[in-house]
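First comes the structure, then the notes that go with it.
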Amino acid sequence: MTEYDAIVYDLDGTLVHLAVDWAAATDDVRDVYESANLEPPGKTLWELLEAAEGTDFHTDVERVIAAHEREGARTSRRLAHADELLTREVPVGVCSLNCEAACRIALEEHGLLEAVEVVVGRDTVTNRKPHPEPLLEAVHGLGVEPERTLFVGDSARDKATADRAGTKFEYVGDGPSGH
């Protein structure tokens, strides 16, 4: 791995497994829509979050999702790539679709936070993966060039993010997961 100047990892499914009940989080977000007397405009959590952008209740939707993520981070399970992260001789960052606070909680819970120089979550920047902005924010925070950076992730969304940001990409395990 010495051919890279830095490595950026996805969090959930790559370094840890967040213990989030995503169905419950989705139900709670649907409740936010119902409280606003609006029909939920999608089925998935990410569709609901996207539809809330620019509305008066976006903050409530984000707050509900982030609360589930923070709780799931506290009871997360460490994955094998977490050990690899600790042995890196190049700067390391995290770029996640999860909120930054949940990322930091999970990294702290598993003794990884001190080994990570940059943490970029969904709420750190304006755009979410697969937009390149979050990954580029991590890359620039590490002081390296995208083409000299490896992004390690577990989903097709992570691969698309790397492609759009101009970084190299490596799947965890056998390839993409479903999120």
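The values are calculated or read from the model by the stated rules, or taken from the named source; none is laboratory data. Every value quoted in this text rests on a predicted model; they were computed, and no experiment measured them. Note that we place each Cβ from the backbone using ideal geometry, even for glycine, and neighbour counts take in every protein chain shown.
Below, the figures for the structure above:
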item: So D60, is it surrounded by 15 or more Cβ atoms within 10 Å (Cβ to Cβ) and in the same structural domain as S155 (by TED's automatic domain parsing); result: no
item: Matching residues in the stretch 81-96 - criterion: being hydrophobic (A, V, I, L, M, F, W, C) and either touching a helix residue (DSSP H, G or I) at 6+ places or on another chain (Cβ under 7 Å) or buried (at least 22 other Cβ atoms within 10 Å of the Cβ) (or both); result: L85, L86, V92, V94, C95
item: Tally of residues being within 16 Å of T14 (Cβ to Cβ) and among the β-branched types (V, I, T) across the stretch 106-137; result: 4
item: Tally of residues being within 21 Å of the chain's Cα centre (by Cα), of a type outside the set (S, T, Y) and loosely packed, with under 13 Cβ neighbours inside 10 Å across the stretch 28-53; result: 2
item: Failed item in (1) touching a Leu at 6+ places or on another chain (Cβ under 8 Å); (2) assigned to a loop (DSSP other than H, G, I, E, B); (3) among the β-branched types (V, I, T), with V119 passing the rest; result: (2)
item: Single condition R88 does not satisfy, out of (1) outside the structural domain of E34 (by TED's automatic domain parsing); (2) of a type outside the set (V, I, T); (3) part of a helix (DSSP H, G or I); result: (3)
item: Selection status of A138, part of a helix (DSSP H, G or I), touching a residue at least 60 places away in the same chain (Cβ under 8 Å) and of a type in the set (G, A, S); result: yes
item: Looking only at the stretch 87-103, and only at residues there that are among the aliphatic types (A, V, I, L, M) and more than 11 Å from V8 (Cα to Cα), the one that is nearest to the chain's Cα centre (by Cα); result: L97
item: Failed item, numbered, when V144 is tested on (1) surrounded by fewer than 19 Cβ atoms within 10 Å (Cβ to Cβ); (2) part of a loop (DSSP other than H, G, I, E, B); result: (1)
